[in-house]
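To start, the structure itself, in structure tokens.
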Amino acid sequence: ADALLFTPNVTVQSDAAILMNTDINEIVYEKNADMKKMPGSLVQIMTAVIVLEECEDISGTKIAAKDEMYEIFAEDQYPDDLRKADIESGESLTVEDLLYAMLLTSSVEAAYMLCDKFGNGSQDAFAEKMNAKAEKLGMTNTRFLNGTGLYSVRQLTTARDLMTLLTYAMSMPRFEEIACANTYTPAAASTYEKRDVWAWTHSNLLVNEASDYYCNGVRGIKT
């Protein structure tokens, strides 16, 4: 009952926000929930949805990093803003590994590799799959241009549409397990002698008990 009357006791600084009580599927707070904004690496939630739906064996399917993606990252308008997981050209990781790297650290390398694999070598083809899924889910104010989160003023969504996407994603097998993990180290870390740099931790400081921002009860999903 309190949730239905919920009002934040602090000023919400974000331009847009939405909060849903998932027990009763009711919106209990919103602010500019239909304002179109650039989603940044939040697009990777849809990337994970497409991959989980299409890959029958995420732990047995491997993908090798290609040189071409590093050139694309360097040409991005804001290359210093890209989150990376220290995946180098030629290194091979499973789809499962890449999903962890992407959802925990917002790894642009992992996202690009997944889009390349499941877009049959085309980032644009993968984006088309994302838009088709968005339309099916009823995300009427969303347009995807890429699955990595690379800067584009034409890649837009809303808080309400992201809530719709996340509600669907959380119903999928493995998504919550991966997106809500605190840490993950792929088995290949030993092969490439990268156990230290590939000890990926969740970028959301609210779930990190060592952080000043830790909030007991918060889980995932992305920052």
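A few comments on the model shown:
- Residue within region 106-126 that is assigned to a loop (DSSP other than H, G, I, E, B), closer than 19 Å to Arg83 by Cβ and of a type in the set (Phe, Trp, Tyr) present: no
- Pick from region 113-139, criterion among the basic types (Lys, Arg) and either in contact (Cβ under 8 Å) with a residue 12 or more places away in the chain or closer than 13 Å to Gln44 by Cα (or both), ranking: least open to solvent (accessible area, probe 1.4 Å): Lys133
- Residues that are of a type outside the set (Gly, Ala, Ser), in contact with a Ser or Thr (Cβ under 6 Å, 6 or more places away or on another chain) and more than 24 Å from Ile63 (Cα to Cα) do not occur anywhere in region 181-199.
- Scan of region 59-88 for residues that are more than 18 Å from Gly40 (Cα to Cα) and in a loop (DSSP other than H, G, I, E, B), ordered by number: Ser59, Gly60, Thr61, Ala65, Lys66, Asp67, Asp86, Ile87, Glu88
- Qualifying residue in region 21-29 (condition: assigned to a helix (DSSP H, G or I) and at pLDDT below 95): no
- The residue pairs whose first member lies in region 52-71 and is closer than 20 Å to Val108 by Cβ, whose second member is modelled with pLDDT under 95 and open to solvent by 90 Å² or more (accessible area, probe 1.4 Å), and whose beta carbons are closer than 9 Å, counting only pairs six or more residues apart or on different chains, are Leu52/Pro173.
- Residue in region 183-214 that is nearest to Leu98 (Cα to Cα), counting only those that are β-branched (Val, Ile, Thr) and in contact with a strand residue (DSSP E or B) (Cβ under 8 Å, 6 or more places away or on another chain): Thr185
- In region 186-213, the residues that are in contact (Cβ under 8 Å) with a residue 40 or more places away in the chain form Cβ pairs under 9 Å with partners that are among the hydroxyl-bearing types (Ser, Thr, Tyr) and loosely packed, with under 12 Cβ neighbours inside 10 Å, at six or more places apart or across chains, as follows: Trp200/Thr183; Thr201/Thr183; His202/Thr183.
- Index of the failed condition, Ala74 passing every other in (1) without any contact (Cβ under 8 Å) to a residue 40 or more places away in the chain; (2) open to solvent by less than 20 Å² (accessible area, probe 1.4 Å): (2)
- Verdict on Ala101 being surrounded by 19 or more Cβ atoms within 10 Å (Cβ to Cβ), under 21 Å from Glu177 (Cα atoms) and aliphatic (A, V, I, L, M): yes
- For region 140-223, the helices (runs of 4 or more DSSP H) that sit wholly inside it and include 1 or more residues that are small (Gly, Ala, Ser) and surrounded by 20 or more Cβ atoms within 10 Å (Cβ to Cβ) are 159-169, 175-179.
- Glu68 closer than 20 Å to Leu93 by Cβ, open to solvent by 30 Å² or more (accessible area, probe 1.4 Å) and among the charged types (D, E, K, R): yes
- Asp15 vs. criteria exposed (fewer than 15 other Cβ atoms within 10 Å of the Cβ) and either under 20 Å from the mean Cα position of the chain (by Cα) or modelled with pLDDT of 95 or more (or both): yes
- Filter result (within 17 Å of Asp57 (Cβ to Cβ), open to solvent by less than 10 Å² (accessible area, probe 1.4 Å) and either among the aromatic types (Phe, Trp, Tyr) or over 15 Å from the mean Cα position of the chain (by Cα) (or both)) within region 77-98: Leu93
The values are calculated or read from the model by the stated rules, or taken from the named source; none is laboratory data. Remember, it's a predicted structure, so these values are computed and weren't measured experimentally. Glycine gets a Cβ as well: all are built from the backbone with ideal geometry, and neighbour counts include every protein chain shown. Note: areas computed on protein heavy atoms with side chains; ligands, DNA, RNA excluded. Shrake-Rupley method; radii C 1.70, N 1.55, O 1.52, S 1.80 Å.
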